[in-house]
Every structure is written in structure tokens, then in C-alpha cells.
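Worksheet: the structure to be examined is printed underneath.
The values are calculated or read from the model by the stated rules, or taken from the named source; none is laboratory data. The shown structure was predicted, so the numbers you read here are calculated from the model rather than taken from an experiment. No Cβ is skipped: glycine too gets one built from the backbone with ideal geometry, and neighbour counts run over all protein chains shown. To get the accessible areas, we keep the full protein, side chains included, count just its heavy atoms, and leave off ligands, DNA and RNA. Shrake-Rupley method; radii C 1.70, N 1.55, O 1.52, S 1.80 Å.
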Amino acid sequence: MTKTVDARGLPCPQPVILTRNALVDSDVVTTIVDNETSQQNVTRMAEKAGCQVQAEKREDGIYLNIARSETPQPETAAESAVTPATGPLVLTIPSEFMGRGDEELGRILIRGFFHTLGEVQPLPDMIIFLNSGVKLVVEGSPVLEDLRGLCDHGIQILACGTCLGHYELKDQIAIGEISNMYTIAETLLRAGKVVSL
């Protein structure tokens, strides 16, 4: 049975997430988007998942007809060469923004990143918040609900105590635990892989 996902008017990454979720229950999905960026993002995700995608432009939107392929896609040389890390996967967040440049854009990107993070694999084992990144783990943070969802998946969240003290936020922490530089340094050095935004 074909599932239909109406993603018109939805911001990135919602069209991708909704389509990915629909593909869990159905081998055939029609996703409707209203811009080329969403079309490209959904198409890339679907093709990477081993699906075939046919796009049809209509007056009311772009219809992406997605069907699982009969035969699985072969691994690329880069994918087959990957070896699993021996330690935990650690993600560091050194800022309340994502990227450099316009701060408002950085806020939008960091919200999109954490909203998407629970939908991708592999999930990190631990997330460490440093410098102004600690502002994301306190009351009023725009990503607090997403962080709670990540904690529900067993991801450990550490916030630098020195950083919280610098911003006078120690009494406002809403998720995770206050940590110290010794624990942070030890965690980073024992990690199988560290990813820093």
C-alpha cells in the first residue's frame, strides 16, 4: 500500500524525516514537496536507503514517487572500507550556534541539527557542551525537548561546569549533568571517535 507524505510548506529537515519514517512501514511512498531543495534532500535520502525515486512536477507541488529496489544497492568502496571505532562516539558542542557567520542562521541550524539527530544513525554515546554551547542545556533552550528525546535513547549529556559558571547558568541547568575538565578530557581521549560542530 502506498503512503503519502504531504511535506509542502515544511522546513528542512521535516520532509526527509517524515519520508524516512513512512519508508519504515511501506515499500512505496509518495512525498509531495514544494521546492527543489526539499526534492533533492528527500531524493538523496531515499536513494541512499536503496530506493528508486521518480519526480513529477504538478501545479500543486513536486510529487516524489519512492519505491524500494528489488535488489540492494552495493556498498561503495568508501563504505566498505569503514572500520568500527573501539570506543564511544562523542559529540562536542562548543557553541550555541552552528557554523560561523550570521548568528540567527546559526540558531536555526543548531535547532535543525538537534531535531534531526535522533533520526540518524549512529547516535552518539555522549554529547559534551562547552563554552556558549552550555546555553543549550538550560531552561528556555530551543533544543531542550530534542535533548530529552536523546537522553531517552540512552545518550549521556555533560555540560562544562566552568562554562556554566562563566555564564552564571549553573542553577538553570535543565538536562544532563555538570561535569569538569578532567572528566571531559578523559572522555575525549578515550573516545573511539570525536565529532565537533
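For the reader, a short list of remarks on this structure follows.
- With a requirement of 3 or more residues that are among the aliphatic types (A, V, I, L, M) and either closer than 20 Å to Phe114 by Cα or in contact with a helix residue (DSSP H, G or I) (Cβ under 8 Å, 6 or more places away or on another chain) (or both), the helices (runs of 4 or more DSSP H) lying completely within the stretch 129-197 that satisfy it span 144-152.
- The stretch 115-139 - residue that is of a type in the set (Gly, Ala, Ser) and at pLDDT 95 or above and, of those, surrounded by the fewest Cβ atoms within 10 Å (Cβ to Cβ): Ser132
- Condition check for Ser80: surrounded by fewer than 20 Cβ atoms within 10 Å (Cβ to Cβ), at pLDDT 95 or above and of a type in the set (Ser, Thr, Tyr): no
- Those residues of the stretch 97-138 which are touching a Cys at 6+ places or on another chain (Cβ under 8 Å) and not aliphatic (A, V, I, L, M), in sequence order: Gly112, Phe129, Asn131, Ser132, Gly133
- The single condition among (1) open to solvent by 80 Å² or more (accessible area, probe 1.4 Å); (2) of a type in the set (Asp, Glu); (3) more than 16 Å from the chain's Cα centre (by Cα) that Glu186 does not meet is (1).
- Number of positions in the stretch 10-52 that are more than 20 Å from the chain's Cα centre (by Cα) and open to solvent by less than 70 Å² (accessible area, probe 1.4 Å): 10
- Within the stretch 145-178, being over 23 Å from the mean Cα position of the chain (by Cα) and open to solvent by 30 Å² or more (accessible area, probe 1.4 Å) holds for Thr162, Gly165, His166, Tyr167, Glu168, Lys170, Asp171, Gln172, Ile178.
- Given (1) in contact with a Pro (Cβ under 8 Å, 6 or more places away or on another chain); (2) farther than 22 Å from Lys193 by Cα; (3) open to solvent by less than 80 Å² (accessible area, probe 1.4 Å), index of the condition Leu91 fails: (2)
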